[in-house]
Amino acid sequence: MSTLTEETPINSADFTEPNVDSNIENIIDDSVSAQKILMIEDIQKLLPHRYPFLLVDRIIDFVPNKSATGIKNVTFNEPFFQGHFPEHPIMPGVLIVEAMAQVGGIVLRHLPGMENQLSLFAGIDKVRFRRPVVPGDRLTITTELLVARKRFGKMHGRAEVDGQLACEGELMFSLVNL
C-alpha cells in the first residue's frame, strides 16, 4: 500500500463514463489525484450515510482500484454509548464492521462503471474482534479490494487502534443502481 508521500498516477479517464455525475468526477479528479485525502464533505458526496450513521471522518490514503484507509474518531458523545454500556462504554462490533464497509464503499464508488452504484452488504465472513474500542480511540480502517464484478464486490477490512488490531474480516457487497 502506498503512503501519502508516494505519488500514484491516476488517469481520470479510467474512472469516468460519459454519463457520470460531474460532482463525483470532480471529487475523483481533485481530491484523489491531487491529495489522496478525502475530507468529510467529499465523503458525504460519495456515501449516502449521515449522522449518526456516517462512521468515517476522513480518508487519509487511497490507491485506485485497490484500497483505502480511513479514520473514525470515537468520542464519548456517540449516541450508542448511552446504552452500550453506560458504566463501561464500548463501541458495538457491528458498528466497527459498518465503518469498515463505509471505507470499502469509497473504493467501490471509484471503480469504473460503479460511480452511481450503492453498495449493500451481501455477506460478512471471518470477522474477528481482538480488542474493545472505547471513547478516545481513533480507529484506523483499511479496506483492500479482493474481487470487483459488475454487481458484486469483496473486500478485506482491518480496523486498528494505535497499531493494535481491533477487528478484521471479509466484507461482501451487492451493488444496486442509485
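Holding the Cα-Cα limit at 20 Å, pick out from 36/66; 126/154; 72/150; 45/154; 36/150 the pairs that are longer than that.
Pairs exceeding the cut-off: 72/150; 45/154; 36/150.
Give me the extension gain from residue 94 to residue 58: residue separation times 0.36 nm, minus the current Cα-Cα distance, reported in nm with one decimal.
Details: separation 36, 0.36 × 36 = 12.96 nm, distance 1.98 nm.
Once the chain is fully extended between residue 94 and residue 58, it gains 11.0 nm.
Along the Cα→Cβ direction, 7 angstrom out, place labels at residue 152 and residue 121. What is the inter-label distance in nm?
1.9 nm
Which ordering of 126, 72, 66 is given by a fewest-first count of other beta-carbon atoms within 10 Å?
If I rank by nearby Cβ atoms, fewest first, I get 126, 66, 72.
Counting alpha carbon pairs within less than 8 Å and at least 6 residues apart, what relative contact order, in whole percent, applies to region 17-177?
Dividing the mean separation by the residue count of region 17-177 yields 22 percent.
All of the numbers you see were taken from the coordinates with simple rules; none came from a lab. Computed from a predicted structure; not experimentally measured. We place every Cβ from the backbone using ideal geometry, glycine too, and count neighbours over all the protein chains shown.
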